[in-house]
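The values are calculated or read from the model by the stated rules, or taken from the named source; none is laboratory data. Remember, predicted model here, so these are calculated numbers, not experimental data. Glycine also receives a Cβ, built like all others from the backbone with ideal geometry; neighbour counts cover every protein chain displayed. Accessible surface areas use protein heavy atoms only, side chains included; no ligands, DNA or RNA. Shrake-Rupley method; radii C 1.70, N 1.55, O 1.52, S 1.80 Å.
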Amino acid sequence: MNNVYSSQDIAQWFINRSAMDVDMFYGDYITNMKLQKLLYFAQGLSFAIFGKAMFKDAIQAWDHGPVVPDIFHKYKVCGAGSIEDVNPVKIDAETAALLEFVYKKYGIYSASQLRNLSHEQSPYKDNYVPDKKNIVIPNADIKQEFSKDRDNLIDEYAKNKKEFSSYAETCYINSVSSLKERLQEDESDYVEVNWKDEL
């Protein structure tokens, strides 16, 4: 991974990726809280596997776990609801494979489960101050936390990298440009039925 991205680039990747699940597998769109936690875990796994940050923006310790403030404020209009803001984003293949690893490893959990998991880790516990939202979690703390399991993470990533890369390329890169259009078409085809009228 040669590039260091903005948090918005990585956030957009996760938003698009969850929309892919909606499009292909009747999954759920991502929420702001879940997005925040996936950004945190992506940063951590990037430190563990690549030895460097994935994105340059700081992560802060808020009441509900690690947060990238700019991303939070951009999508806070969605509240606890879905983020459906699908847009193309350019991510190199190596980073996309790692993001797919993060999504497969952590995306299966709910936002609250990811929040609880982040609360158990030292970067959050050592930096959180109740009722304050401007306490930065140092990258050094994140790197140290995820480096504890570095060998296992590298092994897990290496064993599945071909699958992650292939999925990211064939299902994500080739489909994201038309994803928004397909999702809108699916919504227009939806017909609400009052089940009482069917009795």
| field | Of the criteria (1) touching a Leu at 6+ places or on another chain (Cβ under 9 Å); (2) of a type in the set (A, V, I, L, M); (3) within 18 Å of A111 (Cβ to Cβ), which one L39 fails | value | (1)
| said: Taking the condition of being of a type in the set (A, V, I, L, M), more than 19 Å from S165 (Cα to Cα) and open to solvent by 30 Å² or more (accessible area, probe 1.4 Å), how many residues in region 75-107 meet it? | reply: 2
| Single residue of K74, K34, K52 found to be closer than 20 Å to K148 by Cα and basic (K, R) | K52
| Would it be correct to say that V176 is under 23 Å from V67 (Cβ atoms) and at pLDDT below 95? | no
| Is one or more of the residues making up region 24-41 of a type in the set (A, V, I, L, M), part of a strand (DSSP E or B) and modelled with pLDDT under 95? | yes
| request: Say whether the condition of being more than 20 Å from I137 (Cα to Cα) and among the aliphatic types (A, V, I, L, M) is met by at least one residue in region 43-51. | output: no
